[in-house]
Each structure stands twice: as C-alpha cells, then as structure tokens.
Amino acid sequence: MSLLFDTHAWIWWNTGNPRLGRALTERMASQEDQIFVSAASVWETVTKHRLGKLLDAEPFVGQIER
C-alpha cells in the first residue's frame, strides 16, 4: 500500500513524535508500504525550521538541505 504523508505526519515520523500514533509507527517500521511526501511538505518543513519553529527537526532538515 502507498501512504501520502502531510507535513505534520512527515515531521512527526522523522522526529519520533508520539503524535504519529503507535499503530502507524509500527506499520512504517515494517517497510511494507511506500511512503510519499510532497515537495510542498519538504519546502514547508525547511521554511518552518529556518524561522525557528521546528527546533527538534534539526537532524533531518540538515540532511534535506545538503
């Protein structure tokens, strides 16, 4: 199955935020599904981080910017 993440779900997944939910986190760990994120979500995440609104996103935002 394919999953399309919105910006919040993508951030929560990459930062280990429990708001994502245990069932979905376990499902994603199984690697049976394809996960998609829109370019707009990537742009929004980087922009929010640069504005200081996503301090806990530093590890994966740094990888995106490289």
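The values are calculated or read from the model by the stated rules, or taken from the named source; none is laboratory data. Because the structure is a prediction, the values reported are computed rather than measured. With ideal geometry, Cβ positions are generated from the backbone for all residues, glycine too; neighbour counts draw on all protein chains shown.
Remark: residue 64 falls outside the filter, which requires a residue to be modelled with pLDDT of 85 or more, assigned to a helix (DSSP H, G or I) and of a type in the set (Val, Ile, Thr). Taking first residues from the range 39-66 that are over 9 Å from residue 11 (Cβ atoms) and partners that are surrounded by fewer than 14 Cβ atoms within 10 Å (Cβ to Cβ), the Cβ contacts under 8 Å between residues at least 6 apart in sequence or on separate chains come to 42/64; 46/64; 46/65; 49/55; 49/58. Per the conditions (1) of a type in the set (Asp, Glu); (2) over 14 Å from the mean Cα position of the chain (by Cα); (3) more than 25 Å from residue 1 (Cα to Cα), the sole criterion not satisfied by residue 58 is (2). Scanning the range 10-52 for residues that are in a helix (DSSP H, G or I), of a type in the set (A, V, I, L, M) and either modelled with pLDDT under 85 or more than 18 Å from residue 63 (Cβ to Cβ) (or both) gives 20, 23, 24, 28, 29, 40.
Does the range 6-47 hold any residues that are basic (Lys, Arg) and in contact with a helix residue (DSSP H, G or I) (Cβ under 8 Å, 6 or more places away or on another chain), and which are they? Residue satisfying the conditions is 19 alone.
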